[in-house]
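Only one structure is covered here, and it is reproduced in the block below.
Nothing in this text is a laboratory measurement; each read-out follows from the coordinates by a stated rule. No experiment lies behind these values; they were computed from the predicted model shown. FYI the Cβ positions are ideal-geometry reconstructions off the backbone, even for glycines, and counts take in every protein chain you see.
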Amino acid sequence: MAAARAQRTAFVCQSCGASFARWAGRCSACDAWNSLVEEVAATALPGSGSAGGRAVALESLASTGAPGPARSPSGNGEFDRVTGGGIVPGSVLLVGGEPGIGKSTLLLELAARVAAAGRRALYISGEEAAAQVRLRAERLGVSAAPVALLCDSNLGNILATLQQGKPPDLVIVDSIQTLWSGELEAAPGSVAQVRAAAHALVRFAKAGGSAVVLVGHVTKDGQIAGPKLVEHMVDTVLYFEGDRGHPYRILRAAKNRFGATDEIGVFEMAGEGLREVANPSELFLGDRRASAPGAAVFAGVEGTRPILVEIQALVVPSELATPRRAVVGWDASRLAMLLAVISARANVSFAGHDVYLNVAGGLKISEPAADLAAAAALISSLRQLALRPERVYLGEIALSGAVRAVRHTPLRLKEARKLGFKAALVPAAGEAGSDIDGLERLALDHVAELAHSLGEPGPEPPAANPLQPRRQ
């Protein structure tokens, strides 16, 4: 009976990891079509039972004087910024991104810098041959770095190699979807194989103190392929994103047990590899045309880093019964809400017009502080009136049309002043300390004030002089 139970099969969704007793055309958990694959149900993992267990001494949560997690700088400033100051020994990082975005390039450079610093780095490639990895290393100029290379996808062989000698300081596995174990009757890349490989590598990292970096493919929705259980098992999840039409790449933390989850690192893809970008604002504003209508500069914040980026809007008469609404780099539902608020509260109608909104440089913005800049770009394009190039915009627009305060206003304004901007349109109820020498603050209470300042038609704003500087 035990043997029969061990061979029980189940249908597992390859997108979300949900298990079902019968096959179906669509997964009821994630709505993915044709994703259920028959697999042998996994037996209990080693050590999951109580047999042979022993009692472990308890520790007090109130213990003081314990040092924080030790970090090892990787030599890459942008990578260390995202991880919170460096790689923690014994931690497991999962790096996801689209094919060809630069994951292997980034991690091979990372391994080379760690090895050049005198630490032991091991690069495991399950997708490429050794000659291909060496060819990339030559192109990046790191072929002389003492990085150990292993090209194998058998999980048993990899674990046996890792357990020989002193544990490496850094292990990079490219990628987790290629590993397979002969103990499982499932194809490489399946949910069972990915889960087993991740579990084995996490146990190795915690036991030996090696930092392990796993590369993960992403689905068409931009999520890391495989079960969400893998993301729960690791300590840090990083997404490497960007637009292939632009040389910029963004490394963003989605989960970090040893640091903040809202930091980003900015890289530029060049012929010799990835180059760190110390000042992303100059990069995103480098080719801007300030004289064109529909372009507004937004003073944003990603983590602790202020970033100035241009928001571009194009509003043209539509020949369709239902006008188009297209957005790149921003939330489409946020754009629909903003258009409704401008129409209802500022009497500026976009009916009968196609609306296109784009965040320049391939950057993705999620904070609501970009509402005011997006509204200025939309109204500017509709009225064919170019905005003044020396101004930046920041503020959240409520459903009532009120312009609400946002966090880190002084940090945003200091970055704008450093880049030569002369004025900033900000919420009237801003943070204390937002007065920056050399930067004029133009306070707004309502979106109607913005519409009135950009020309007629439009209702009279609630305030008498909407763009008059206000001091707190």
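Structural remarks
- Projected label distance in nm at GLN384 and ALA117, using a 7 Å step from Cα toward the beta-carbon: 5.7 nm
- For the stretch 270-305, the residues whose amide N sits under 18 Å from a probe point set 7 Å from the Cα of LYS418 along the beta carbon direction are 276-286, 298-305.
- Its relative contact order, with pairs defined as Cα atoms under 8 Å and 6+ residues apart, puts the chain at 11 percent.
- The sum of -39500 (n - 2.57) across all DSSP H runs of n ≥ 4, divided by the residue count of the chain, sets its helix-only mean residue ellipticity at 222 nm to -7000 deg cm²/dmol.
- Flagged links, alpha-carbon separation over 22 Å, of LYS103/LYS414; LYS103/LYS206; LYS206/LYS255; LYS103/LYS255: LYS103/LYS414; LYS103/LYS206
- Listed by chain and number, the aspartates and glutamates whose C-alpha is less than 15 Å from the C-alpha of LYS422, apart from same-chain residues fewer than 8 away, are GLU390, ASP435, ASP437, GLU440.
- Spin-label model distance (nm) - GLU268 vs ALA340, 7 Å beyond Cα toward Cβ: 4.2 nm
- Inverse mean reciprocal Cα-Cα distance (Kirkwood Rh) of the stretch 354-412, Å: 12.8 Å
- Debye-sum result for the chain in log10 I(q)/I(0), which assumes one identical scatterer on each alpha carbon, at q = 0.09 Å⁻¹: -0.75
- On full extension, the segment bounded by GLU282 and ALA398 gains 38.7 nm, given 0.36 nm per residue less the C-alpha separation.
- Centre-to-centre separation between the Cα atoms of the stretch 339-355 and those of the stretch 377-446: 21 Å.
- Cα convex hull volume per residue for the stretch 49-168 (Å³): 197 Å³
- Across the stretch 77-277, Cα pairs under 8 Å and at least six residues apart give a relative contact order of 30 percent.
- Between the stretch 302-316 and the stretch 107-183, the Cα center-to-center distance that results, in Å: 38 Å
- Note on the chain: dipole from Cβ charges, positive end direction compared against PRO247, ALA187, LEU372; the farthest Cα belongs to ALA187.
- From most to least packed by mean Cβ count within 10 Å, the peptides 114-122, 333-341, 54-62 give 114-122, 333-341, 54-62.
- Translational D in µm²/s for the stretch 77-277 (Stokes-Einstein at 10 °C, 1.306 mPa s, Kirkwood Rh from C-alpha pairs): 94 µm²/s
- Fraction of antiparallel bridges per DSSP, the stretch 77-277 only, in percent to nearest 5: 40 percent
- Translational diffusion coefficient of the stretch 282-453 (Stokes-Einstein, Kirkwood radius from Cα pairs, 20 °C, 1.002 mPa s): 135 µm²/s.
- The chain: DSSP helices with Cα axial extent of at least 30 Å and average Kyte-Doolittle hydropathy no lower than -1.0: none
- Absence of a disulfide-compatible partner, taken as no other cysteine beta carbon within less than 4.7 angstrom, is noted in the chain for CYS151.
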